[in-house]
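Structure first, commentary second.
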Amino acid sequence: MMSSTVSSRILSSARNSIIVLQGKGCLYSRYIPNRNQMKWKCGFAKGPLSPFVLSWSINNVFTLKKAFRHTSTEEEDFSLQLTSSQINDILKADEFSHKIHDFDGKNANSVLKFESNQLAANTPNEDHRSAAICLQTKGMMFGVFDGHAGYACAQSVSQRLLYYIAVSLMSQQTLEEIEFAMERMKPVLPILQWYKHPNDVYREVASLYLDHLRVYWQELLNPDIELGFSVEEALIYAFKRLDSDISLEAQAPLENEMMRNTALQVAFSGATACVAHIDSVHLHIANAGDCRAILGVQEEDGMWSALSLTRDHNAFNEAEIRRLKGEHPKSEEETVIINNRLLGILMPSRAFGDVRFKWSKELQHSILENGCDVEALNIYQYAPPNYYTPPYLIAEPEVTYHKLRCQDKFLVIASDGLWDMLNNEDVIKLVAEHLAQANMQKPRMTLQKPASLGYMQSLLRHRKARGVGSYDQNIATHLIRHAIGNNEYGEIDQERLAAMLTLPEDLARMYRDDITVTVVYFNSDTIDSYYKENE
């Protein structure tokens, strides 16, 4: 149990933070829906809306245990008594893992398995994640999406972006087959095979999204457009096209109120995105915003290192500052970035949605004043200061290519909630140590037959000394545990961990962000075989 001194210090600090934030005027706050505001959200269309099956899912179905969390900030109601079991229930509620099999029993996959988890600070969680195989092109994709000013944009992008990427990579023949089937209302083969945790599944306005995806592939079939995008081109084009569609959907005169409200919420909230596309030994990372991807590299001498595959798009990136200033008049040099934020408001300099940083003032006013209940939709109706020459924000990703080598053991993609707490080297060290400990758990001692009591006691002592059962099975959970529970020595402090997990919903965001982590393990044997076959 945490001492009352520590508990009081956290509460006092949090309350002081509230006063400071209120004094400054917090522009972005969390959306806590009430029953009335949720009516239109729960009215999503049920059942298939066309014979076109976009995807099929592999779900890890299990019963979620309810974990303890406070909803009151009153000190007498604020207790930090959590058992180890309760802590684990909270940390493991959204964990997911899956071992990847060969595509067709012949072509080995360079991805061995992946493990993922999320821990919310906002209610609802503004982070989202995606994992899927492109069934028509055989690539694998993993995405992490960090929302802000609400969850709607991140939620939408997490479900739509991988389709746009997959379509961008398809051959003309495949696109023609899909369009032919759609015209004749016939089913076609799915585009994606999804890997989803049950909590990742949600209903969406599928008809509107499918319509715009179809328009996209129809345009790709235009004879004036030369097909054959490289992976880099496909990633960039898919990001930009989806962001454009999000903008257009919010401007469209939709008669269905639920669809219109959804489109507005998606467009006026925002989301950064980091997506990995893996095809054989070819790894591409597309990043827009401040999510991050790093590789864990183990050299022949056993030493580990972190290879960064992305650059955060914010005011601490000098190249981004130069880009932003170069895209606007000299007169705005001092106002584009204020207090390390875009126009003094937004931390990331690239993101989906956030149309208040992209549309003209006139367009914003026109859309929001046309019978739109901005308060019910949790849309912030204001003009950013020094707003003269929009757009100030783009969704175009920075794409990095890396050819996988045998020493590349794993990929970590995470939202900035993790990187706020742990640096690249800390993360690689934790995953490497976890791998080493997992290998130690594998039985190495041959069981004597018949086994003597003394031998069995020796075996148990040996396993106990190695700490069997003392680590998280899921590495993403392990990283989150360390991110919020580490003390200054890099060790788990149970009192700190309990405090961070029991902070009331209105205080949690002041101490940590939503955290989403996906760790992808590579199949070294498959990568080695590739190089042997291509020598």
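The values are calculated or read from the model by the stated rules, or taken from the named source; none is laboratory data. All values reported here derive from a predicted model rather than from experimental measurement. Using ideal geometry, Cβ is built from the backbone for each residue, glycine included, and neighbour counts are taken over all protein chains shown. For the accessible areas, the whole protein counts, side chains as well, though only heavy atoms, and no ligand, DNA or RNA atoms are used. Shrake-Rupley method; radii C 1.70, N 1.55, O 1.52, S 1.80 Å.
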Next item on the list: Mind listing whichever residues of the range 364-389 are in a helix (DSSP H, G or I) and either among the basic types (Lys, Arg) or under 28 Å from residue 287 (Cβ atoms) (or both)?
Entry: 364
Item checked: Where a residue in the range 383-409 is farther than 30 Å from residue 328 by Cβ and its partner, wherever it lies, is outside any loop (DSSP other than H, G, I, E, B) and among the aromatic types (Phe, Trp, Tyr), with Cβ under 8 Å and at least six apart -> 404/522; 406/531; 408/522; 409/521; 409/522
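Residues checked against (1) in contact with a Pro (Cβ under 7 Å, 6 or more places away or on another chain); (2) farther than 30 Å from residue 346 by Cβ; (3) small (Gly, Ala, Ser); (4) open to solvent by less than 40 Å² (accessible area, probe 1.4 Å):
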{"position": "97", "(1), (2), (3), (4)": "no, yes, yes, no"}
{"position": "111", "(1), (2), (3), (4)": "no, yes, no, yes"}
{"position": "125", "(1), (2), (3), (4)": "no, no, no, yes"}
{"position": "149", "(1), (2), (3), (4)": "no, no, yes, yes"}
{"position": "171", "(1), (2), (3), (4)": "no, yes, yes, no"}
Next item on the list: Name the one entry in 396, 425, 433 that is open to solvent by 10 Å² or more (accessible area, probe 1.4 Å) and at pLDDT below 95.
Entry: 433
Margin query: I'm trying to understand the selection: among the residues of the range 283-309, which are more than 26 Å from residue 147 (Cα to Cα) and among the acidic types (Asp, Glu)?
Written below: 299, 300, 301
Notebook entry, point to check: For the range 191-210, what are the residues that are at pLDDT 80 or above and surrounded by 15 or more Cβ atoms within 10 Å (Cβ to Cβ)?
Noted result: 191, 192, 193, 194, 195, 196, 197, 208, 209, 210
Note to self: Would you confirm whether or not the range 455-473 contains a residue that is closer than 26 Å to residue 151 by Cα, at pLDDT 85 or above and surrounded by 17 or more Cβ atoms within 10 Å (Cβ to Cβ)?
What the structure shows: no
Note to self: Let me confirm something: among 139, 143, which residue is closer than 21 Å to residue 294 by Cβ and surrounded by fewer than 24 Cβ atoms within 10 Å (Cβ to Cβ)?
What the structure shows: 139
Check: Quick one: would you say residue 166 is touching a strand residue (DSSP E or B) at 6+ places or on another chain (Cβ under 8 Å), without any contact (Cβ under 8 Å) to a residue 40 or more places away in the chain and open to solvent by less than 40 Å² (accessible area, probe 1.4 Å)?
Finding: yes
Next item on the list: Hey, could you check the range 291-311 for residues that are open to solvent by less than 40 Å² (accessible area, probe 1.4 Å), assigned to a loop (DSSP other than H, G, I, E, B) and in contact (Cβ under 8 Å) with a residue 12 or more places away in the chain and say which is farthest from residue 405 (Cα to Cα)?
Entry: 291
Item checked: Count of the range 390-410 residues which are touching a Leu at 6+ places or on another chain (Cβ under 6 Å) and either in a strand (DSSP E or B) or of a type in the set (Asp, Glu) (or both) -> 4
Next item on the list: Would you confirm whether any residue within the range 144-156 is farther than 22 Å from residue 513 by Cα and of a type outside the set (A, V, I, L, M, F, W, C)?
Entry: no
Item checked: Those residues of the range 86-108 which are part of a loop (DSSP other than H, G, I, E, B), at pLDDT 90 or above and acidic (Asp, Glu), in sequence order -> 94, 95
Check: Considering the range 403-420 alone, what residues qualify as being out of contact with any Gly (no Cβ under 9 Å at 6 or more places or on another chain), of a type outside the set (D, E, K, R) and more than 10 Å from residue 515 (Cα to Cα)?
Finding: 404, 406, 407
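The rows are residues; the columns are (1) free of Cβ contacts under 8 Å to residues at least 40 places away in the same chain; (2) open to solvent by 10 Å² or more (accessible area, probe 1.4 Å).
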{"site": "475", "(1), (2)": "no, no"}
{"site": "485", "(1), (2)": "yes, no"}
{"site": "488", "(1), (2)": "yes, yes"}
{"site": "500", "(1), (2)": "yes, yes"}
{"site": "509", "(1), (2)": "no, yes"}
{"site": "513", "(1), (2)": "no, yes"}
{"site": "517", "(1), (2)": "no, no"}
{"site": "526", "(1), (2)": "no, yes"}
{"site": "531", "(1), (2)": "no, yes"}
Check: Looking at the range 233-290, which of its residues are open to solvent by 20 Å² or more (accessible area, probe 1.4 Å) and assigned to a strand (DSSP E or B)?
Finding: 279, 282, 284
